[in-house]
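Read through the structure below, which is laid out as structure tokens, and then see the notes.
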Amino acid sequence: MTDGELHERAQAAAARAYAPYSNFSVGAALLDRDGRVWEGVNVENAAYPLGICAERAAIGRAVSEAGRRPGDFEAIAITASPCGGCRQWLVEFRLERVVYTDNHGRIVTHAPDELLPDTFVL
Ligand SMILES: [Zn+2]
């Protein structure tokens, strides 16, 4: 699967987002090393901090449903620039590539450590 195809999967997934407060639907498509794609969307809540971003939803699915772990993923495509908290997740799960629509509408690709340099590690 190409990064472009992965991004198309993310765009299609965004239609399922639950974003009644922001009306900002985000989709993510996470490609694991077995070729499986895990989709996620943002799920908002009236108590705003309780919402979850699309990329964390996708990673959560892969961990919950298949026991995936850091290093099991090749790439993720996201229909928006990942927030700071999600960048920490993307570093933790050691993705090779993060493909996303940036704030200018361009599809760009970065390594997670480019998005969050000098990352916190435990
Ligand atoms: Zn986020």
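Given the options 71, 40, 105, state which has the largest fluctuation in a GNM of the chain using a 10 Å cut-off (strictly under) for Cα springs. Per the Cα network of the chain with a 10 Å cutoff, 105 tops the list. Once you reduce the range 11-68 and the range 93-122 to the center of their Cα atoms, the two points are 17 Å from each other. If you sort 34, 72 by accessible surface, 1.4 Å probe, largest first, the order is 34, 72.
Could you give the dipole magnitude of the range 8-122 about its Cα centre, charging the beta-carbon of Lys and Arg +1 and that of Asp and Glu -1, in debye to the nearest 20? Let's see the in-between values first.
Details: 12 positive and 15 negative charges, 42 e Å.
Dipole size: approximately 200 debye.
Among the protein heavy atoms, those of residue 65 account for about 110 Å² of accessible surface (1.4 Å probe, every chain in place).
For the chain, modelled as a GNM with alpha-carbon contacts under 10 angstrom, which of 50, 30, 95 fluctuates the most? Of 50, 30, 95, the most mobile in the Gaussian network model is 50.
At a probe radius of 1.4 angstrom, the accessible area of the chain per residue rounds to 54 square angstrom.
Just by accessible area at a 1.4 angstrom probe, what is the order of 100, 21, 48 from largest to smallest?
Numbers: 100 15, 21 105, 48 160 Å².
Accessible-area ranking of 100, 21, 48, largest first: 48, 21, 100.
Paramagnetic label reach from residue 107 (point 7 Å along Cα→Cβ; backbone nitrogen cut-off under 15 Å): within the range 58-96, residues 75-81. Here the sum of -39500 (n - 2.57) over DSSP H runs of 4 or more residues, divided by the residues of the chain, equals -9000 deg cm²/dmol at 222 nm, to the nearest 500.
How large, in percent, is the carbon and sulfur part of the accessible surface of the chain at a probe radius of 1.4 Å? Can you show the working numbers first?
Details: 3420 of 6640 Å².
Of the solvent-accessible surface of the chain, carbon and sulfur hold 51 percent.
All other residues with a Cβ under 14 Å from the Cβ of residue 101 taken together, and with Lys, Arg as +1 and Asp, Glu as -1, what is their net charge? Please report the intermediate quantities before stating the final value.
Values: positive: 9, 106; negative: 3, 8, 55, 102.
Net of charged neighbours comes to -2.
The values are calculated or read from the model by the stated rules, or taken from the named source; none is laboratory data. Keep in mind it's a predicted model, so treat the numbers as computed, not measured. FYI the Cβ positions are ideal-geometry reconstructions off the backbone, even for glycines, and counts take in every protein chain you see. Side chains included, ligands, DNA and RNA excluded: accessible areas come from the protein's heavy atoms. Shrake-Rupley method; radii C 1.70, N 1.55, O 1.52, S 1.80 Å.
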